[in-house]
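Before any comments, here is the structure.
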Protein chains: 4
Amino acid sequence: MSWHPLPLGMASALLADETLQAMFAPKAELAAMLQVEHALAQAQAGTGEIGAAALSAITAACHDPALDHGALAKGMRRDGVVVPELTRQMRALLGPDHAASFHRGATSQDIIDTALMLRLKQVCTVLGARLGSILEDLGDLASQHGGQTIMARTRFQNALPFTLADKVQTWALPLRDLANQTPSYFPLQLGGPIGMPASTFGANHQTSAQAMAEALGLSAPAQPWHTDRRALGNIAHWCQQLATALGKIGADVMIMVQNPVAELRLTGGVSSAMPHKNNPVAAEALVTLARYVTAQTALLQSASLHENERSGVAWSLEWLALPAAIIGTGAASLTAIELISNLRLAA
Amino acid sequence: MSWHPLPLGMASALLADETLQAMFAPKAELAAMLQVEHALAQAQAGTGEIGAAALSAITAACHDPALDHGALAKGMRRDGVVVPELTRQMRALLGPDHAASFHRGATSQDIIDTALMLRLKQVCTVLGARLGSILEDLGDLASQHGGQTIMARTRFQNALPFTLADKVQTWALPLRDLANQTPSYFPLQLGGPIGMPASTFGANHQTSAQAMAEALGLSAPAQPWHTDRRALGNIAHWCQQLATALGKIGADVMIMVQNPVAELRLTGGVSSAMPHKNNPVAAEALVTLARYVTAQTALLQSASLHENERSGVAWSLEWLALPAAIIGTGAASLTAIELISNLRLAA
Amino acid sequence: MSWHPLPLGMASALLADETLQAMFAPKAELAAMLQVEHALAQAQAGTGEIGAAALSAITAACHDPALDHGALAKGMRRDGVVVPELTRQMRALLGPDHAASFHRGATSQDIIDTALMLRLKQVCTVLGARLGSILEDLGDLASQHGGQTIMARTRFQNALPFTLADKVQTWALPLRDLANQTPSYFPLQLGGPIGMPASTFGANHQTSAQAMAEALGLSAPAQPWHTDRRALGNIAHWCQQLATALGKIGADVMIMVQNPVAELRLTGGVSSAMPHKNNPVAAEALVTLARYVTAQTALLQSASLHENERSGVAWSLEWLALPAAIIGTGAASLTAIELISNLRLAA
Amino acid sequence: MSWHPLPLGMASALLADETLQAMFAPKAELAAMLQVEHALAQAQAGTGEIGAAALSAITAACHDPALDHGALAKGMRRDGVVVPELTRQMRALLGPDHAASFHRGATSQDIIDTALMLRLKQVCTVLGARLGSILEDLGDLASQHGGQTIMARTRFQNALPFTLADKVQTWALPLRDLANQTPSYFPLQLGGPIGMPASTFGANHQTSAQAMAEALGLSAPAQPWHTDRRALGNIAHWCQQLATALGKIGADVMIMVQNPVAELRLTGGVSSAMPHKNNPVAAEALVTLARYVTAQTALLQSASLHENERSGVAWSLEWLALPAAIIGTGAASLTAIELISNLRLAA
């Protein structure tokens, strides 16, 4: 299968977060989709809508099936979603006896949105753990060098002296709040073709949804959210605030390591033309990434208005914007960890 | 005083929300600032930092003082904030005995940010009330005409029939959530020149802050938020979600009143060239405003990274972006009320 | 008439450009519309489509007519454009004999877009003149103090010494280019209801359009541009580049006047809490305005996709975004003039 | 070498443009950089600054050198640019005799910006050719089916009938203009460490720059453009206008193929839940891509303010935004070609 990820040349090193990137790779996406289809079948077996033999067959088929990835890519481009072609291939694998029990009552969006939520939950676990580690590192910095007197600056002018511990406190407070607010609402999507689940899934809808949500570790929402994208917007908003709080550290460090200020120094950062220079590369990268994440989040929010019962335009735009915002936030978290470990008192 | 509000010509009618606009007019801003200065003096009288005579004088002076508005405007432009000149004038009015008791220990940002929060609280009360009224109107619409069969559409194509009640339910759910989440955290700002209140306000800082917050109906935050602008970002994020939820109604109605669809009709909307036309002006305006609010919110979020202990650049950018986002949301809420009242079944 | 311009409180002083603001005030907008209607009548009298008596009556009526501004505002809100109500009032003033000769064959968009172009031409004349003055001031600065050695900085670190003249040269070059590229394409709009002028204006269309364009000092485009908004986008793009080139001066000066750098100093900028400080207010404002103009330009460009033969949504969004981008650019040009005149060598 | 391109999962199929993507892959980027270094050596051999033997050695070394890509990636992350590590490796390959003749006088930005321009020139050639093909296809569509009567729509309501040829004309005009305005200014960058080429390259600077520009097929600018990024901004602006003009076709087609409108139909677009549906996937994708390109262009323009003599933050942001804008435009051009070929009259 020749997926065509967006290449960013050398600059991709700035956006590097192998862990989060892997979660948005086609392989992980397909695996999550099959996990959702499987959970649907389990739930429908529970309510008796499909038989035990069908469930067994689906369970087996969902385990690393031999898919035709070229056809999946073609299907994606033709249909705007990969699910119709994925369903076709899976039903072919299942054969005529069980084909109809696969993807029963569901719509592409149910599978795609739920598979996204599965991975967003993983993303937030990773980011939450890194945030904890950054807070520890800041605590260490404050306890080791916090007594150092530095200059507080307002409107780019010297204001009054305070200490490195004071500065670190202004860095840590928003991060601590954000750690406590790590997103925890990852709703299942199960609405059927037009978001009216009762008409598709019948009387058992609530039972199935509850069972699926439990099996997948997700929340069961009051109503399908096919056109109500606030759950995504809230996660992106948290990412934007996190990337900004990390970007502030970068912006402050850039100034603290300026030659005539020289309150801190930062190891690394070679110039090809001026060997005497020591460029604050990681600090700059944090500011760059904060601006990048803010822009991609804004694009996601601009895609939050979905007309009708499903908006192909707005939905596709989410797919381009959200992974970029998240991977940018992940890269910022890795860069922050690196930056803090490379900070030294100036003398 | 010749303040120079941004004129938008005829288009200003689209952004019209007299109630919210008045809250961001210079008059309201100055009144809120004096309310904050007064609350500071009260708190400091409570801790004994200033005397009773000083408090009386300040109380009297803060009540509609005769300010030189031309000088305030000049001061604003010269200093980037109006507080230094306002303080100078107020101290002149108070005379040498009590001058030093005014604005004691505070920094411009304490006054400006707190005065903003006072008005944001009012804004959210107004928007919350309108949201309640919109939800009622939607409830009425559903109970009167909810049984009407209409078409559900996905990816701009007819999908399956459902009812107007189903459609209204997808409009109401996010609005109901947003009504329940109307912002309620409006923190006091009291940090002094560099956000280290203990050094400025001394041992009484917590007591003063608590007293001020209570007197003003605000929250007392754990730490000054001079550079941590998440409280503003969260309010704007709520506005963006509200404007988007209203914009979705507009987008759907635009399609439902299209001539060949004709599920609904909307009164009003004359064309200068084609008398047979009936333009869905209010529906279009809701989409326009959703996009406008989303863009201004994005600008606000892009201003959330404040370098050093006070960023003149980022702070000023907030002043341009936030009122625009809020007034746009207010205009959307008024437009939505008007739109719903003008909706009719097509035949 | 109670138009409701967007108030921005004290911050409006940052966006103040009385000259450009007046061009976007309702008064100027209506005057420009009547100028366009008059030019249309003149052109149609030239081709014999309307009579000499009708032209005389229209000429008289267009000169400061007694309009009901309250009804215009109501019409704007009801119809989404002011032209239907303006036409109704003008036709009433003209009486039954000449009513039909007013706004003959035209659509609201013809009048509104052309009236906008009339004012954009004035805007560019003003901005072009200010740009010339900024270039002169920079030339003076370089010839007076250009020999001063200062530090070149790359990636926020000291690189190598150069001179103030070198620095000023990097400021001046883009400004000089932009001065040479001051927008000069301001197309007439004359397309009738659906942008097919031949069907509305008949065989005389090209003649009328040519005559109108000449009378108004505008260009006659190859085709109506009802949905092709590149002319607006190009003007906004120029504004964005101009505001950015001025913002760069602000960003550089902020660093050059930092206390430990102290290559330059800037008069003005008082702090309410720290009398020893001297805040670089005008320099900050230039950066703020560059970011503001960039965001409003981005909003305008996002409104450049107009579906169908006229998009109410996208068109209205232009009205909110473009004046903001332009007035922000104007404010930046005034601030730059002020900044340069307040720059001093540090010692 | 494990570069980490941004993966976008299945959605990458929407952004697929293998041709343009390859131009931004690390391999192409390194090849372009070596081409620039080689041209520099040639120019310096021409002026006698380096010897013939050195040039021979550099010519040989630049031809597919055995680079340590892992070290390059590490260098990129450490130094914020890959050039220092690339130079180190190339000098090691050249050995002590010729090492100093490689990258002589140049700074990383000279190499990186020039290597970018080499590829932007290729990009514009490709996009220009596709634009020509789209215009031909539109011409064919108009000549085959142009007589078909369809409805012109304004403000989402039926206005008056016109023909498919009329509609196609509004699509083609901006595209024809844009084809004529395909970017042709691709400036060489050669400024040395602080953009003062005379001090680095000596008296021969103009000669060298002229020779390099000629050898590389680029323009020689009046002055280095290290901090003046208008050339990039102009190319992105053209891309934004192109993507928008293509997006308009998509937006119009979405409406023309709506079931109750049914003026056209579009082959392809299967639903997993509703086999009767025919989703206008390519039309939606054109709108999505227009919005995507507009947002990435806005991000690029927001990075056009570079403080000091080189801004690490703004420069890095360009690397993230510009390829995304360009590849999105490329994907739109491919999608448009596909869309037009799949358009059919409805009956």
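The values are calculated or read from the model by the stated rules, or taken from the named source; none is laboratory data. Quick caveat, the model's predicted, so the values are computed rather than measured. Cβ coordinates were reconstructed from backbone atoms using ideal geometry, including for glycine residues, and neighbour counts include every protein chain displayed. Areas reflect the complete protein model, heavy atoms only, side chains present, ligands, DNA and RNA absent. Shrake-Rupley method; radii C 1.70, N 1.55, O 1.52, S 1.80 Å.
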**Asked** Name the residues in region A:137-163 that are within 12 Å of another protein chain (Cβ to nearest Cβ) and in a loop (DSSP other than H, G, I, E, B), would you?
**Response** A:Arg155, A:Phe156
**Asked** Give me the pairs: first residue in region D:321-340 and acidic (Asp, Glu), second residue buried (at least 24 other Cβ atoms within 10 Å of the Cβ) and assigned to a helix (DSSP H, G or I), beta-carbon distance under 6 Å, and six or more apart or on different chains, which are they?
**Response** D:Glu338/D:Ala282
**Item:** Cross-chain or 6+ apart pairs with Cβ under 7 Å, region B:53-78 first and away from every other protein chain (no Cβ under 14 Å), then in a helix (DSSP H, G or I) and charged (D, E, K, R)
**Value:** B:Cys62/B:Glu37
**Message:** Test of understanding: among C:Ala60, C:Ala45, C:Ala53, C:Ala41, which residue is among the aliphatic types (A, V, I, L, M) and under 28 Å from the mean Cα position of the chain (by Cα)?
**Reply:** C:Ala41
**Message:** Can you report the number of residues in region D:300-321 which are under 18 Å from the mean Cα position of the chain (by Cα), open to solvent by less than 10 Å² (accessible area, probe 1.4 Å) and within 7 Å of another protein chain (Cβ to nearest Cβ)?
**Reply:** 3
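Yes/no matrix, rows are residues, columns are (1) among the aliphatic types (A, V, I, L, M); (2) in contact (Cβ under 8 Å) with a residue 40 or more places away in the chain:
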residue: A:Leu141; (1), (2): yes, yes
residue: A:His145; (1), (2): no, yes
residue: A:Asp177; (1), (2): no, no
residue: A:Asn180; (1), (2): no, no
residue: A:Phe186; (1), (2): no, yes
residue: A:Gly192; (1), (2): no, yes
**Request:** For region A:289-305, state whether one or more residues are assigned to a loop (DSSP other than H, G, I, E, B) and more than 26 Å from D:Gln109 (Cβ to Cβ).
**Result:** yes
**Asked** Among the residues of region C:189-218, which ones are small (Gly, Ala, Ser), under 24 Å from the mean Cα position of the chain (by Cα) and farther than 18 Å from C:Ser108 by Cβ?
**Response** C:Ala213, C:Ala215, C:Gly217
**Complete:** Listed by first then second residue, the pairs whose first member lies in region C:127-138 and is of a type in the set (Asp, Glu), whose partner is surrounded by 14 or more Cβ atoms within 10 Å (Cβ to Cβ), with beta carbons under 8 Å and at least 6 positions apart or on separate chains, are C:Asp137/C:Ile337; C:Asp137/C:Ile340
**Asked** How many of the residues in region C:231-256 are at the interface with another protein chain (Cβ under 9 Å from one of its Cβ atoms) and aromatic (Phe, Trp, Tyr)?
**Response** 0
**Item:** Residues being facing chain D (nearest Cβ under 7 Å), aliphatic (A, V, I, L, M) and open to solvent by 10 Å² or more (accessible area, probe 1.4 Å) - total across region A:257-275
**Value:** 2
**Prompt:** What number of residues within region B:164-201 are more than 9 Å from chain A (Cβ to nearest Cβ), in contact with a helix residue (DSSP H, G or I) (Cβ under 9 Å, 6 or more places away or on another chain) and open to solvent by 30 Å² or more (accessible area, probe 1.4 Å)?
**Reply:** 8
**region B:135-171, residues that are within 13 Å of B:Met256 (Cβ to Cβ) and aliphatic (A, V, I, L, M)** = B:Leu141, B:Ile150, B:Met151, B:Ala152, B:Leu164, B:Val168
**Request:** Within region B:310-344, count every residue that is assigned to a helix (DSSP H, G or I) and more than 30 Å from B:Asn278 (Cβ to Cβ).
**Result:** 15
**Request:** Output the qualifying pairs, or none if there are none: Cβ atoms under 8 angstrom, residues six or more apart or on different chains, first residue in region A:276-299 and facing another protein chain (nearest Cβ under 8 Å), second residue among the charged types (D, E, K, R) and assigned to a helix (DSSP H, G or I).
**Result:** A:Asn279/D:Asp79; A:Val281/D:Arg77; A:Val281/D:Arg78; A:Val281/D:Asp79; A:Ala290/A:Lys248; A:Leu299/D:Arg291
**Message:** If D:Ile134 satisfies all but one of (1) open to solvent by 20 Å² or more (accessible area, probe 1.4 Å); (2) more than 10 Å from chain C (Cβ to nearest Cβ); (3) part of a helix (DSSP H, G or I); (4) not basic (Lys, Arg), what's the number of the condition it fails?
**Reply:** (1)
**Asked** Is one or more of the residues making up region D:138-159 surrounded by fewer than 19 Cβ atoms within 10 Å (Cβ to Cβ) and within 29 Å of the chain's Cα centre (by Cα)?
**Response** yes
**Request:** Can you work out which of the residues in region A:82-126 that are β-branched (Val, Ile, Thr) and without any contact (Cβ under 8 Å) to a residue 60 or more places away in the chain is farthest from A:Ile337 (Cα to Cα)?
**Result:** A:Thr87
**Message:** Are there helices (runs of 4 or more DSSP H) fully within region C:178-270 with at least 3 residues that are touching a Phe, Trp or Tyr at 6+ places or on another chain (Cβ under 7 Å)? List them.
**Reply:** C:230-256
